[in-house]
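Engineer: Shown below is the structure under consideration.
The values are calculated or read from the model by the stated rules, or taken from the named source; none is laboratory data. Predicted, not measured: the structure shown is a model, and the values here were computed from it. Backbone-built Cβ (ideal geometry, glycine too); neighbour counts: all protein chains shown.
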Amino acid sequence: MQRLACTMIGSALFVVCCLVGLLLTDALSPGRLPPMLAFYAACGAGLSMILGLVMLERRGVPHGIAAFEGR
C-alpha cells in the first residue's frame, strides 16, 4: 500500500514538472498545448497526489470488512 501511495505521489510530481516544462516552451511558440488539456492534467495530478497522501496517512487503519468487525 505504501509503495502504491509513493508511486502515485511521484507520478503526480512528474506530471506537474512535465506540464511546467511544456507550458514554458509553449510561451515561446504558442498553440502547441491546449490550455484545457493542461488544466485537466494538473487536476488529475493534484487528485493523484491527494489520494496518495491520504493512503499514506491511513496505512494503519483497517480497510473493508475488517473495519466493521473491529480488527
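Engineer: With the structure loaded, tell me whether residue 33 is more than 27 Å from residue 58 (Cβ to Cβ) and either assigned to a helix (DSSP H, G or I) or at pLDDT 90 or above (or both) or whether it fails that test.
Structural biologist: Answer is no for this residue.
Engineer: Picking from 53, 47, 24, which residue would you name as being at pLDDT below 85, part of a helix (DSSP H, G or I) and at negative phi? Even if it seems obvious, please write down each step before you answer.
Structural biologist: Details: 53 fails: at pLDDT below 85; 47 fails: at pLDDT below 85.
Just one listed residue meets the conditions, 24.
Engineer: Go through segment 5-32 and report how many residues are surrounded by 15 or more Cβ atoms within 10 Å (Cβ to Cβ) and farther than 19 Å from residue 48 by Cβ.
Structural biologist: 1
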